[in-house]
Amino acid sequence: MQEKVFIPNKTGLKLAAIIEKPKSKGKFPFVILLHGFKGYKEEPTYSKLANELLKIGIGSIRFDASGFGESEGDFQKEYRLTNYVSDTEAVYQWLLEQRYVDEDRMGVMGQSMGGALAIILASKFPEIKAVVSISPPDIFATRDDFGKRLNEWKEKGYIEIDSSRMGKLKVPYEYALDAKKYDIRAYAKKVKASKMFILGLADITIDPGQTRDVFRAAAEPKELLEIKGMDHFYKNDREILDKVNKYIVEFFKKSI
């Protein structure tokens with residue numbers, strides 16, 4: 001059963017979210033699905049995974065970060081990694097209050113920036129049982145695609161990006177300054193939950209070496225999958241998307 005809800009964040013902005021939950025009564029394990037930079041809750045990466053999780057009795061929630069998609073807020077002001085961290089915490093806390101959620105069987109999954117957020121969230125809430133992090137950078141705007149444009153970003157004060165959801169966007173340099181404060185390796189060391197890292201060997205947006213470094217820094221238990229032919233936008237390749245989702249579903253099935 002699918003339901004759209006609006007969840008207030010810590011500053012009062014409403015975050016647009018989609019909940020998928022089994023039709024039967026009772027409490028269910030739940031997974032928070034976190035979109036990446038320029039991503040949004042309806043992307044196939046998350047919508048198809050939500051459907052696959054539902055088939056094995058696991059609910060999920062996916063939402064747009066503040067300032068993006070259907071969520072409230074101004075993109076120029078709100079779209080920061082720090083704010084996305086805060087949004088994620090607000091959604092997690094809201095989820096724990098819902099009567100159909102089994103708070104002892106919680107997981108989180110994210111890709112790219114969302115993969116970094118998944119690790120950060122799990123480091124702050126040790127009751128989270130399982131984490132899937134796909135292609136997370138170690139430090140944003142260093143060895144990733146944005147790092148190559150850092151000088152341009154600083155000189156102009158922004159860079160332009162194309163979003164399939166919101167058209168052309170100007171990302172302020174403040175985003176990079178904020179995101180560079182987060183070393184995901186340090187957070188990975190603190191996560192006690194079971195962890196699965198996935199990287200694409202054809203990824204030219206996030207250097208696979210970055211994800212390997214996060215994996216090496218992470219505490220046990222952990223596992224790493226390296227997938228041939230998978231790039232950063234694997235949502236566009238049905239075969240690879242199905243393969244990745246199969247790995248993720250099996251991981252959550254045994255971990256939460």
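The values are calculated or read from the model by the stated rules, or taken from the named source; none is laboratory data. Note that the structure is predicted; figures quoted are calculated from it, not measured. Glycine also receives a Cβ, built like all others from the backbone with ideal geometry; neighbour counts cover every protein chain displayed.
Brief remarks on what is shown
- Residue list for region 73-98, filter: closer than 21 Å to GLU160 by Cα, out of contact with any Asp or Glu (no Cβ under 6 Å at 6 or more places or on another chain) and modelled with pLDDT of 90 or more: GLY73, ASN83, TYR84
Residues checked against (1) hydroxyl-bearing (Ser, Thr, Tyr); (2) more than 19 Å from MET109 (Cβ to Cβ):
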site: GLN2; (1), (2): no, no
site: PHE6; (1), (2): no, yes
site: LEU15; (1), (2): no, no
site: LYS21; (1), (2): no, no
site: GLY57; (1), (2): no, no
site: ILE61; (1), (2): no, no
site: TYR79; (1), (2): yes, yes
site: ASN83; (1), (2): no, yes
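- From the list ALA186, ALA176, the one residue that fits, being over 15 Å from the mean Cα position of the chain (by Cα), at pLDDT below 95 and not in a loop (DSSP other than H, G, I, E, B), is ALA176.
- On the stretch given as region 10-20, residues that are surrounded by 19 or more Cβ atoms within 10 Å (Cβ to Cβ) and under 19 Å from the mean Cα position of the chain (by Cα) total 6.
- Residue, surrounded by the fewest Cβ atoms within 10 Å (Cβ to Cβ), within region 43-54, restricted to residues that are in contact (Cβ under 8 Å) with a residue 40 or more places away in the chain and within 17 Å of PHE233 (Cβ to Cβ): PRO44
- Selection within region 60-89 - among the acidic types (Asp, Glu) and buried (at least 24 other Cβ atoms within 10 Å of the Cβ): ASP87
- Residue within region 189-203 that is farther than 15 Å from GLY115 by Cα, out of contact with any Leu (no Cβ under 6 Å at 6 or more places or on another chain), assigned to a strand (DSSP E or B) and of a type in the set (D, E, K, R) present: no
- For region 24-41, taking the residues that are in a loop (DSSP other than H, G, I, E, B) and at pLDDT 95 or above, the one that is surrounded by the fewest Cβ atoms within 10 Å (Cβ to Cβ) is identified as LYS27.
- Just one of the listed residues (GLY57, GLY115) is small (Gly, Ala, Ser), crowded, with 20+ Cβ neighbours inside 10 Å and either closer than 24 Å to GLU220 by Cα or touching a residue at least 24 places away in the same chain (Cβ under 8 Å) (or both), and it is GLY115.
- Residues in region 16-45 that are under 22 Å from TYR175 (Cβ atoms) and touching an Asp or Glu at 6+ places or on another chain (Cβ under 6 Å): ALA16, TYR40, LYS41.
- Members of region 189-202 found to be more than 16 Å from SER123 (Cβ to Cβ) and over 17 Å from the mean Cα position of the chain (by Cα), listed by number: LEU201, ALA202
- Region 33-84, residues that are among the basic types (Lys, Arg) and more than 18 Å from ILE134 (Cα to Cα): LYS55, LYS77, ARG80
- Breaking point among (1) in contact with a Phe, Trp or Tyr (Cβ under 8 Å, 6 or more places away or on another chain); (2) at negative phi; (3) surrounded by fewer than 22 Cβ atoms within 10 Å (Cβ to Cβ), for LEU96: (1)
- Taking the listed residues LYS181, LYS124, LYS154, LYS168, the one that is more than 18 Å from LEU199 (Cα to Cα), modelled with pLDDT of 95 or more and surrounded by fewer than 19 Cβ atoms within 10 Å (Cβ to Cβ) is LYS124, with no other qualifying.
- Selection from region 227-237 of residues that are farther than 14 Å from ILE204 by Cα and at pLDDT 95 or above: ASP237
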